[in-house]
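The values are calculated or read from the model by the stated rules, or taken from the named source; none is laboratory data. Treat the numbers as computed from the prediction; the structure is a model and nothing was measured. Cβ placement follows ideal geometry from the backbone for every residue including glycine, while neighbour counts extend to all protein chains displayed. Areas reflect the complete protein model, heavy atoms only, side chains present, ligands, DNA and RNA absent. Shrake-Rupley method; radii C 1.70, N 1.55, O 1.52, S 1.80 Å.
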Amino acid sequence: VDVFESTAAVQRRFKIDDARLVLRGFSLGGAGAWHLALHHPDRWVAAEIGAGTWPRRYLMMNDFPAHQRPTLRIWENMTEWALNAFNIPIAGHDGDNDPQVASIPRPPEGEPTRGQLESSIRIREQLAKEGFPYEGEPTSYVAKGTPSIFLISENTGHSTSPKVRQRLDAFLKEWTDRGLQSPDHIRFLTYTTRYNKSFWITIDGLGQHYQRADVDARRLSGGTSYQIQTNNVSRLVLREMDKANEIQIDGQTLRVKSGHELALEKSATGWRTAPAKWAGLHKTHALQGPIDDAFLDPFLLARPTGTPWNQAAHQHALKRLERFDQTYAHFYRAHPRAKNDTEVTEADF
């Protein structure tokens, strides 16, 4: 949210080409850049991501209660989102002697680690598992079939060597000069409809939330026909369909009417075209699960002032409210908005 709001603020002041936005981050910024690049692959013309540690608690599923385990697939498993590098040029890098913590939790005692260089190594190896093997020299790899590269700064700690910096700058210039373009072939996956869009494809509904859902879509014959394979997807929205007349999806052929946007829904009998608005209540973008959406939009804390049914529960609630205020201020440099419940108005809603 902060990155997108900052970007919008700059674009209001200066003439910024939306097709030439570059994402760059190193260390803590690298951790954030992995999330932003792989969750929003159609937002950036290219991404340079150095180091970056993210939590890997999804590897500790059995240490969590059953109701908490599925949500670990939103933020905790960036490795498994690696397929989204298919449609965004990423340059992952770090020094070969990085002493920083490789992941949270730390690797087991005695297990070899290369510090925060591990983040790009893990993405690179996951891409190979997805069918995009890496090739090249030990300090310079290309993920074959994708636009992504992976570099290592030799004899360097938690930093970037001048040699690698030159290559990174050249990589970013190449893609920035080209500009962001709508691809004819999209590979995209998600575990939640919170992050569900890549160029002309939106995964509007999942068969099972928090399980991997993916799409392999090709635009053919100048945009008149499409070939789409899906997994764990119940609803798709396709854009840039002004010339479309045929869609082959999961072995089924649909004749369609061209238009800027087209919705498809999957039922027990197969895929069919659908109204733009999905009837009924469903887990859709920004309405897919309370914990996914919490605090990403403006919110107000309502402080209870009435006579409680249970005084102990009331006091506990007030303590939690105070604790929330302290924690929020510590991490986000601001106090959340709060009002007494008697002061809340319709305008607040």
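Looking at the structure I just gave you, is Ile88 open to solvent by less than 30 Å² (accessible area, probe 1.4 Å), closer than 26 Å to Asp216 by Cβ and touching a Ser or Thr at 6+ places or on another chain (Cβ under 6 Å)?
no
The single residue among Glu76, Glu5 that is of a type in the set (D, E, K, R) and either closer than 21 Å to Arg114 by Cβ or touching a His at 6+ places or on another chain (Cβ under 7 Å) (or both) turns out to be Glu76. Any chance the stretch 327-335 includes a residue that's of a type outside the set (Ser, Thr, Tyr) and farther than 30 Å from Tyr195 by Cβ? No, the stretch 327-335 contains no residue that is of a type outside the set (Ser, Thr, Tyr) and farther than 30 Å from Tyr195 by Cβ.
Looking at the stretch 312-339, which of the residues that are in a loop (DSSP other than H, G, I, E, B) and in contact with a Leu (Cβ under 6 Å, 6 or more places away or on another chain) is most open to solvent (accessible area, probe 1.4 Å)? Here the answer is Arg337. The residues in the stretch 158-186 that are within 19 Å of Phe26 (Cβ to Cβ), open to solvent by 30 Å² or more (accessible area, probe 1.4 Å) and either of a type outside the set (S, T, N, Q) or assigned to a loop (DSSP other than H, G, I, E, B) (or both) can be counted, and the count is 11. What number of residues in the stretch 99-142 are in contact with a Lys or Arg (Cβ under 8 Å, 6 or more places away or on another chain) and open to solvent by 80 Å² or more (accessible area, probe 1.4 Å)? Number satisfying all stated conditions: 3.
How many of the residues making up the stretch 72-126 are within 14 Å of Leu151 (Cα to Cα) and not in a helix (DSSP H, G or I)? Selection size over the stretch 72-126: 11.
Residues that are touching a helix residue (DSSP H, G or I) at 6+ places or on another chain (Cβ under 9 Å) and either of a type outside the set (Lys, Arg) or modelled with pLDDT under 95 (or both) occur in the stretch 220-240; there is at least one.
Are any of the residues in the stretch 132-154 touching a residue at least 40 places away in the same chain (Cβ under 8 Å), part of a helix (DSSP H, G or I), within 17 Å of Ile49 (Cβ to Cβ) and not charged (D, E, K, R)?
So in the stretch 132-154, the residues touching a residue at least 40 places away in the same chain (Cβ under 8 Å) come out as 132, 139, 143, 145-154.
Remaining after also requiring part of a helix (DSSP H, G or I): none.
No, the stretch 132-154 contains no residue that is touching a residue at least 40 places away in the same chain (Cβ under 8 Å), part of a helix (DSSP H, G or I), within 17 Å of Ile49 (Cβ to Cβ) and not charged (D, E, K, R).
Residues of the stretch 232-244 that are open to solvent by 60 Å² or more (accessible area, probe 1.4 Å) and in contact with a strand residue (DSSP E or B) (Cβ under 8 Å, 6 or more places away or on another chain): Glu240, Asp242.
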